Amino acid sequence: MMSSPQTERISEAEHAVMEVLWTNAPLTAAQVADRIGESRGWSLATVKTLLSRLSQKGAVETAPDGRRFLYSPVVERADYVGTESRRLVDRLFGGRASSLFAHLAQAEALDEKDLSEIEALLQELRK
């Protein structure tokens, strides 16, 4: 898989489909629907629409497999998370990750385990 920085932003629904593909690809539309449809209440037609949109956006590639198509992500999950994290920090916190952490701390959204993990990450980054 290649990273594609030109990939258009994906919606929350499209992201749910991507999560299935990142874990299990390649999959047919029916297989994606089986893995996600029940929890979301989505029909096969809905999943096919989302896969079509993802393909048009360059996030998913298709390969013929007999009379059906197999879908695979083009964008690596880590690359997507990195891009979306950067967009969040830029949009809501003026590009400063420290402002994000300050907000989370003030909102009491971080528990002791989170703080310990962040401290360990900071120590690792400083080495």
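The values are calculated or read from the model by the stated rules, or taken from the named source; none is laboratory data. Everything quoted here is computed from the prediction, not taken from an experiment. Don't worry about glycine lacking a Cβ; one is built from the backbone with ideal geometry, like all the others, and counts go over all protein chains shown. Quick note on the areas: whole protein, heavy atoms, side chains included, nothing else; ligands and nucleic acids left out. Shrake-Rupley method; radii C 1.70, N 1.55, O 1.52, S 1.80 Å.
Data overview
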{"item": "Test: E84 is within 20 Å of R9 (Cβ to Cβ), surrounded by fewer than 16 Cβ atoms within 10 Å (Cβ to Cβ), touching a residue at least 60 places away in the same chain (Cβ under 8 Å) and under 17 Å from the mean Cα position of the chain (by Cα)", "result": "no"}
{"item": "Any hit, the stretch 57-74, residues being assigned to a helix (DSSP H, G or I), closer than 16 Å to E12 by Cβ and not β-branched (V, I, T)", "result": "no"}
{"item": "Residue in the stretch 35-56 that is modelled with pLDDT of 95 or more, closer than 21 Å to I10 by Cα, open to solvent by 40 Å² or more (accessible area, probe 1.4 Å) and not in a helix (DSSP H, G or I) present", "result": "no"}
